[in-house]
Amino acid sequence: MIAPLTISFRVNGRDRSIAVAPNHTLLDVLRDDLGLTGTKECCLVGECGACTVLLDGRSVDSCLVLAAEVDGGEVTTVEGLAVDGQLTAVQGAFLDTGAAQCGFCIPGQIVSAHALLAATPSPDREQVEEALAGNLCRCAGYEQIIEAVLLAAEAPARPATRATPMTGDIAARPDARTAPQ
């Protein structure tokens, strides 16, 4: 048996230290060890984007990143995007445009959209399509998803019209019962 490794990293603004098996992925650690189930498990080969998170500010498929590679890094999951319980402009735009259909791909889509808008605050449609190309939607809601990202880019400070603010600092809690899914 291979001895576990202890890694330390920051997830959703909270410092964490955890023992992991050398073959465990970041996805395994987020979902199984930390209870952050907003990051979805799907293809496990980096094809669908359902497990997209931000690692040191860049979007990655967490199924392709070994947990040991995250040591000393910073991870933001979909649960960690809301600030002080307020949904971001991207999250609000997804609600406002009806982009969140079944919801399975949406966390990855939202995280990818955040990465895009951080790098390119005013993208055109082609840039949005390119940035989200690694995120598959089984419901074929691409038009609403693209519309949501463009809407968020137009008014990044605009609050969501249908969202209810969350209470407390649940974005950093490793508890799947209270973290937004």
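Per residue, the convex hull spanned by the alpha carbons of the range 5-80 comes to 72 Å³. Multiplying the residue separation of V83 and L5 by 0.36 nm and removing their Cα-Cα distance gives an extension gain of 24.9 nm.
Based on alpha-carbon positions alone, could you give the equivalent ellipsoid semi-axes of the range 89-154 from the gyration tensor, as √(5λ), descending, whole Å?
Semi-axes, largest first: 16, 12, 10 Å.
Output needed: percent of Cα pairs per 5 Å distance bin for the range 1-156, bins running from 0 to the one holding the longest distance. Reading the bins upward from 0: 2, 10, 19, 22, 19, 13, 8, 4, 2, 1, 0. Amide H to amide H distances under 5 Å link G141 with no residue, where only residues 5 or more positions off or on other chains count and H is placed in the peptide plane. Taking 0.890 mPa s as the viscosity and 25 °C as the temperature, the Stokes-Einstein diffusion coefficient of the range 38-115 based on its alpha-carbon Kirkwood radius rounds to 191 µm²/s.
Taking the fewest neighbouring Cβ atoms within 10 Å as the starting point, the ordered list for S8, S62 is S8, S62. How big is the gap, in Å, between the Cα center of the range 17-57 and the Cα center of the range 99-159? Rounded to whole Å, the Cα centres lie 21 Å apart. Phi angles across the range 112-129 convert, under the Karplus curve 6.51 cos²θ - 1.76 cosθ + 1.60 with θ = phi - 60°, into 3J(HN,Hα) values of 4, 5, 4, 4, 4, 5, 5, 8, 9, x, 10, x, 8, 4, 4, 5, 5, 4 Hz, Gly and Pro given as x. Derived scalar couplings between HN and Hα for the range 132-140 equal 9, 4, x, 10, 8, 10, 5, 7, 6 Hz in order, rounded to whole Hz, by the Karplus curve 6.51 cos²θ - 1.76 cosθ + 1.60 (θ = phi - 60°), x for Gly and Pro.
Values quoted throughout were computed directly from the atomic coordinates according to the rules given, and no laboratory measurement underlies them. Note that this is a predicted model, so its numbers are computed, not measured. Here the Cβ is made from the backbone with ideal geometry for all residues, glycine too, and neighbour counts use every protein chain on show.
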